[in-house]
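The values are calculated or read from the model by the stated rules, or taken from the named source; none is laboratory data. This is a predicted model, so every value here is computed, not measured. Here Cβ is always computed from backbone atoms with ideal geometry, including for glycine, and neighbour counts include all displayed protein chains. Just so you know, the surface numbers come from the protein's heavy atoms only, side chains and all, with ligands and any DNA or RNA stripped out. Shrake-Rupley method; radii C 1.70, N 1.55, O 1.52, S 1.80 Å.
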Amino acid sequence: MKNKHDMVVVLDFGAINSQAAAKEIRSLNIYCEVLPYSANAERIAEKNPKAIVLQRGKACGEATFGKEPAADLSVFNVPVIDLIDSEITAEALDKELAKCEINRDWTTEAFIEEAIADIREQVGDKKVLLAMSGGVDSSVCALLVHKAVGAQLSSVFVDHGLMRKGEPDEIEQVFVKQFGVNLTHVKGEERFLKRLAGVEDPETKRKIIGEEFIRVFEEEARKAGKPEFLVQGTIYPDIIESGGDGGKKVKAHHNVGGLPKDIEFKGLVEPLKYLFKDEVRKVAKALGLPDSIAKRQPFPGPGLGVRCIGELTKAKLDILRDVDAIFRKAIVDNGFEGQASQYFAVLTANRSVGVTNDARTYAYTVALRAVKTTDFMTAKFVKLPMDMLEKVSEEITNTIPEVNRVVYDITSKPPATIEWE
Ligand code: XMP
C-alpha cells in the first residue's frame, strides 16, 4: 500500500491500546501507519506523511508520560496532532484531520483492487502455495490470490480431524464450489489420530499435530510442483508487535510459525500485512465470504486437540464437536457473538455420577467458556445470562447421553489461560 495513498503517521508512545488511534483514522478512510516514537526523521520521511499523530498521554492509556518524539517533527512541515489531552475517537480525530489536506481514499474496494494488482505483479507467472485453515485471514488471502493468479494458486486444507462440527464441509463448499479456488482437501483424521493415540500431555499433543501438519503440507507442496511463493496471512498488528516494521517486541505469536522451514520459497506473499483484523473482516464481507468465515473467531492451530483434555479419540472429539456446536449456536442466536472474542466447549477428563430416567449414569463433564479480549494476553469471562446457560445445559444433556454435567468457566486470564490445555 506504500505511497499509493495519502498517509498519516501515528507515533506510538507505548500505550496499552497503542493501535487505537490508527484504527480510528483508518475508519475515516484515511490510510495511516504506526511507527514507534523513537523513529528517526529518515524513517518518518520514508512514509511521506500528510499529518503526524502523537498517541501519548493519560487519555491514550500511556503509563509513563513526558516522552518526546526522537525526530524533530517540524522539518516535515505538516500538521502534528498531539492526543495528549484528547480521547481517541473517530470524531475527535476527524475534526483535527479535517483541517489537513488529506485524500480519504482508503476503502475496502480500493484495497482489494490494489492487493490483486500487487499480487499479480509480485508473482508473475509463478506458482503459489497457501495453507488454508478456514480462518478469516487465510480465507481472504486465498480469494485475493485466486482472483489475482487463478490456477497458479494451490491451496491446501489439512483436515487433522480436530476441526469443529461442519467446518471441513463448509470450507469445501465455499472455496471449491462457490469460488472455484484450486483447493486440495487432505482428509488426515486417521493419520493424525493414529500418531496421537495414547498421548495425554498437551505440549506433546501440540508438537505432534504441528509436525504432522508440516509433513502433510510438504507432501502436498511436492505434488503441486514445488511452488515458488508461499502465502502468509500476516496482519498489521503482527508487524507492529513483532518489531518487523520497527515496532516494539511484545510477544511471540502463537499463530505464526508452523509452516515448513525446509521448503525453499522464492518469496512470501503477504496481502494482509497492512490490515487490522477488522479490516480483514470487511474485505471478507466485500469479497462475498459468508459471515461464518468473515466473523469467525480465532481458532488455535491444534484445534479441538487442546480442548479435549487428555488422550484424543474420535469418540471423544465427536462428543466435543456436538457440545461445542450447541453452545456456539446459542451464543449467536442470543446475540452474544459481538461480546465474546472466543467461545467454545471443553471436554474435560472428569466423569461424574448422574441420573437419567431413574438410572445412574457415569458420564463426562463439559465446560463452556466465553471470553472477551483485545490482545489475547488478558481476557475477561463473558457474563452470559443464567437463563441462557440453563437452556444450553439442558439441550446438551438432553441430546448427548455421554455428558451429564455442564459447567461455565468464570475465570479470567490471568490466572487462567483462554484454552484449557
Ligand atoms: P491462551 O490459552 O494461551 O491462548 O490464553 C491465547 C490465544 O492463543 C490461542 N492458542 C493457540 N493458537 N496454537 C495456536 O495457533 C496453539 O497451540 C494455541 N494455544 C492457544 C488461543 O486460542 C487464544 O486465542
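A compact table of results
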| item | result |
| --- | --- |
| Search result, residues across the stretch 275-307 that are open to solvent by less than 30 Å² (accessible area, probe 1.4 Å) and more than 16 Å from the ligand (Cβ to nearest atom) | LEU275, PHE276, GLU279, VAL283, ALA284, LEU287, LEU289, ILE293, ALA294 |
| Some residue of the stretch 327-349 being among the hydrophobic types (A, V, I, L, M, F, W, C) and touching a Ser or Thr at 6+ places or on another chain (Cβ under 7 Å) | no |
| Residue within the stretch 399-411 that is open to solvent by less than 60 Å² (accessible area, probe 1.4 Å), more than 16 Å from the ligand (Cβ to nearest atom), part of a loop (DSSP other than H, G, I, E, B) and among the hydrophobic types (A, V, I, L, M, F, W, C) present | yes |
| Test: residue in the stretch 390-398 that is more than 24 Å from ASP278 (Cα to Cα), assigned to a loop (DSSP other than H, G, I, E, B) and not hydroxyl-bearing (Ser, Thr, Tyr) | no |
| The stretch 319-335, residues that are free of Cβ contacts under 8 Å to residues at least 60 places away in the same chain and crowded, with 17+ Cβ neighbours inside 10 Å | LEU320, ILE331 |
| Those residues of the stretch 68-88 which are open to solvent by less than 80 Å² (accessible area, probe 1.4 Å) and over 13 Å from SER18 (Cβ atoms), in sequence order | PRO69, ALA70, ALA71, LEU73, PHE76, VAL78, PRO79, VAL80, ILE81, ASP82, ILE84, SER86 |
| Test set (1) open to solvent by less than 30 Å² (accessible area, probe 1.4 Å); (2) assigned to a strand (DSSP E or B); (3) without any contact (Cβ under 8 Å) to a residue 24 or more places away in the chain - ARG360 fails condition number | (1) |
| Among the residues listed as SER393, SER341, SER352, the single one being within 16 Å of the ligand (Cβ to nearest atom) and among the small types (Gly, Ala, Ser) | SER341 |
| Answer from ALA131, ALA110, ALA115 - the residue that is out of contact with any Leu (no Cβ under 8 Å at 6 or more places or on another chain) and among the small types (Gly, Ala, Ser) | ALA110 |
| Residues that are open to solvent by 20 Å² or more (accessible area, probe 1.4 Å), modelled with pLDDT under 95 and not basic (Lys, Arg), drawn from the stretch 1-18 | MET1, ASN3, GLY14, ILE16, ASN17 |
| Only one of GLU200, GLU190 that is open to solvent by 60 Å² or more (accessible area, probe 1.4 Å) and touching a residue at least 60 places away in the same chain (Cβ under 8 Å) | GLU200 |
| Unique residue being more than 23 Å from ARG222 (Cα to Cα), in the same structural domain as PHE265 (by TED's automatic domain parsing) and outside any strand (DSSP E or B) when the list is GLU170, GLU87 | GLU170 |
| Selection status of SER352, under 27 Å from the mean Cα position of the chain (by Cα) and polar (S, T, N, Q) | no |
| Residue that is within 22 Å of the chain's Cα centre (by Cα) and over 26 Å from LYS295 (Cβ atoms), where the choices are LEU183, LEU144, LEU129 | LEU129 |
| Residue check, ARG56 in contact (Cβ under 8 Å) with a residue 12 or more places away in the chain, under 29 Å from the mean Cα position of the chain (by Cα) and open to solvent by less than 30 Å² (accessible area, probe 1.4 Å) | yes |
| Residue match in the stretch 382-396 (condition: more than 18 Å from ASP333 (Cα to Cα), surrounded by 18 or more Cβ atoms within 10 Å (Cβ to Cβ) and without any contact (Cβ under 8 Å) to a residue 60 or more places away in the chain) | no |
| Cβ pairs under 6 Å, 6+ apart, first in the stretch 272-298 and of a type in the set (Phe, Trp, Tyr), second open to solvent by less than 60 Å² (accessible area, probe 1.4 Å) and in a loop (DSSP other than H, G, I, E, B) | TYR274/MET1 |
| Selected residue (criterion: nearest to HIS160 (Cα to Cα)) from residues of the stretch 175-234 that are acidic (Asp, Glu) and either within 16 Å of the ligand (Cβ to nearest atom) or in contact with an Asp or Glu (Cβ under 8 Å, 6 or more places away or on another chain) (or both) | GLU189 |
| Residue within the stretch 374-384 that is away from the ligand (no atom under 16 Å from the Cβ) and part of a loop (DSSP other than H, G, I, E, B) present | yes |
| Members of the stretch 272-295 found to be assigned to a helix (DSSP H, G or I) and not aliphatic (A, V, I, L, M), listed by number | LYS277, ASP278, GLU279, ARG281, LYS282, LYS285, ASP291, SER292 |
